[in-house]
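Participant: Sharing a structure below in structure tokens format, with a few things to ask.
The values are calculated or read from the model by the stated rules, or taken from the named source; none is laboratory data. The model shown is predicted, which means the values in this text are computed figures rather than measured ones. Using ideal geometry, Cβ is built from the backbone for each residue, glycine included, and neighbour counts are taken over all protein chains shown. Note: areas computed on protein heavy atoms with side chains; ligands, DNA, RNA excluded. Shrake-Rupley method; radii C 1.70, N 1.55, O 1.52, S 1.80 Å.
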Amino acid sequence: MNILLKNAQVFDGKHPSLRKSDILVGGSKILSLHEAHQPAPQDTLTIDLKGKFLMPGLIDAHVHITASQVDLNQETELPGYIYARSFSFLASMLDRGFTSVRDAGGADAGIKRAIEDQVIRGPRLFMSCRALSQTGGHGDFRHPSSPMITCACSLRTGSTISVIADGLSAVRKAVREQFRMGASQIKVMAGGGIASPNDRIENLQYSEAELSVIVDEAERYNSYVMAHAYSPAAIIRCVRCGVRSIEHGNLLNAEAAQVMHEHDAFLVPTLSIYNAFILNAGNPAAGIPDSVLIKLKDVQSQALESVRVARRYGVKIGLGTDLLGEFHNCQTDEFKLRSQVDTPFDVLQSATRVNAELLNLQDQLGVVAPGALADLIVLDQDPLQDLSVFDAAGTHVQMVIKNGEILKNQLH
């Protein structure tokens, strides 16, 4: 059955102005956009939007849907509880208007299948499966007293989001394992982080030879690598080795931004997680490990400046959130935080067209255009004027269409 969405004010993901149009959806795709009052085909469900605002579904390019608690050391967490929480997180993301998310470590093929078979409600899922970490790296959450890993049969990291692999053969095999398990892309921990207890922010992780092998394997699967990196040195090494997207990048400087621009790499800032940590720093119930709070100040203060630097050097900027546990409710804070340095149009492009290009799905996602996939949301206020239209409860998101199917409808 076709769906005709009449009398819409359309933000198409490309242009900073609205267009009055009717949108015809057939199957999973947008069939046409045309001026109002055109006759609808037979067997068409007609919905009069009465001037409401229609735009592409939002894309969050950095989530951890299996992070059921703020502390990423989840080795003792019950798997059933982790999955149940992830289903709740995914449904809430969809209600906020996110029709696609890229998981940066933790999601598996079972969750993706549950979404695709409509067992659960959720966005399109692009998985990294488990992120690759060197021993003692950002993905190694073991206590310092934990036994040393001596063979490949014991790759426990203390986390559900990562796997330890050291050396050229091991990282090559680890990449192949992630693709075997259904990964859309590969995530690598290429520098220190605030959530890991054993490394420093400025640490460089993985050798250039290891990074190059990881990239080579991903490219031979027609995919790419996303890298956790904060420091300019880590960013430059990753990009020169062929990494496609830099996650976080809080300490980005002019030199690193220039290298990113030259190599056509993407930056995915994740401002909302640091803001959530700061707002909850004095709350013991939040469960934030002390090691996180100690390192937080090293990266949070420069997060907004990194976006400014990236804009100045023409780096493609996506949008991600990196939220954990109860902080998943802070997902739409990313819009408010980014608006301190970006226009609403810039932020919306990051969350639609730019993120779609990052996913290698330009012209399919992130735009309202004939031939694109019908991932659409309808708002009761103009998002180009005020990004506060996006809130935790999805209050102003009146309709969500994913793959041509209406999954939320609060139109009256």
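Participant: Looking at segment 316-333 only, could you name the residues that are open to solvent by less than 10 Å² (accessible area, probe 1.4 Å) and of a type in the set (K, R)?
Facilitator: Answer for segment 316-333, where residues must be open to solvent by less than 10 Å² (accessible area, probe 1.4 Å) and of a type in the set (K, R): there is none.
Okay, residues lined up against (1) more than 19 Å from the chain's Cα centre (by Cα); (2) at pLDDT 95 or above; (3) β-branched (V, I, T):
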position	(1), (2), (3)
V188	no, yes, yes
I194	no, no, yes
S207	yes, yes, no
L211	yes, yes, no
N222	yes, yes, no
S245	no, yes, no
N253	yes, yes, no
T270	no, yes, yes
A276	no, no, no
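Participant: Enumerate the strands (runs of 3 or more DSSP E) found wholly within segment 318-412, keeping only those where 1 or more residues are touching a Ser or Thr at 6+ places or on another chain (Cβ under 6 Å) and modelled with pLDDT of 95 or more.
Facilitator: 397-402
Participant: Of all residues being of a type in the set (D, E) and under 27 Å from D290 (Cβ atoms) in segment 196-241, which is least open to solvent (accessible area, probe 1.4 Å)? Just the residue, please.
Facilitator: Among residues in segment 196-241 that are of a type in the set (D, E) and under 27 Å from D290 (Cβ atoms), the one least open to solvent (accessible area, probe 1.4 Å) is D199.
Participant: Separate question: For the structure I just gave you, tell me whether L45 is free of Cβ contacts under 8 Å to residues at least 60 places away in the same chain, surrounded by 15 or more Cβ atoms within 10 Å (Cβ to Cβ), aliphatic (A, V, I, L, M) and farther than 25 Å from L319 by Cβ.
Facilitator: no
Participant: Give just the number: which of (1) touching a helix residue (DSSP H, G or I) at 6+ places or on another chain (Cβ under 9 Å); (2) exposed (fewer than 13 other Cβ atoms within 10 Å of the Cβ); (3) not in a loop (DSSP other than H, G, I, E, B) does H15 not satisfy?
Facilitator: (3)
Participant: Please go through segment 86-118 and give me each residue that is part of a loop (DSSP other than H, G, I, E, B) and open to solvent by less than 40 Å² (accessible area, probe 1.4 Å), ordered by number.
Facilitator: R96, G97, A104, G105, G106, A107, listed by residue number.
Participant: Next question, about the same structure. Condition first: hydrophobic (A, V, I, L, M, F, W, C) and touching a strand residue (DSSP E or B) at 6+ places or on another chain (Cβ under 9 Å). Now tell me which residues in segment 252-272 satisfy that.
Facilitator: L252, A256, A257, M260, A265, F266, L267, V268
Participant: A further question on this structure: If we scan segment 363-372, do we find a residue that is without any contact (Cβ under 8 Å) to a residue 12 or more places away in the chain and farther than 15 Å from S92 by Cα?
Facilitator: yes
Participant: Quick check on my filter: what residues within segment 75-85 are modelled with pLDDT of 85 or more and either among the aromatic types (F, W, Y) or open to solvent by 20 Å² or more (accessible area, probe 1.4 Å) (or both)?
Facilitator: Passing the criteria: L78, P79, G80, Y81, Y83, A84, R85.
Participant: A further question on this structure: If you take the residues in segment 119-139 that are part of a strand (DSSP E or B) and not hydrophobic (A, V, I, L, M, F, W, C), which one is most open to solvent (accessible area, probe 1.4 Å)?
Facilitator: Out of the qualifying residues, it is R124.
Participant: Please go through segment 361-376 and pick out each residue that is open to solvent by 50 Å² or more (accessible area, probe 1.4 Å) and within 12 Å of I23 (Cα to Cα).
Facilitator: Correct list: P370 only.
Participant: How many residues does segment 281-315 hold that are among the small types (G, A, S), touching a helix residue (DSSP H, G or I) at 6+ places or on another chain (Cβ under 7 Å) and buried (at least 19 other Cβ atoms within 10 Å of the Cβ)?
Facilitator: Here the count works out to 2.
Participant: Scan segment 60-74 and tell me whether some residue there is at pLDDT below 90, open to solvent by less than 40 Å² (accessible area, probe 1.4 Å) and either assigned to a strand (DSSP E or B) or more than 27 Å from F390 (Cβ to Cβ) (or both).
Facilitator: yes
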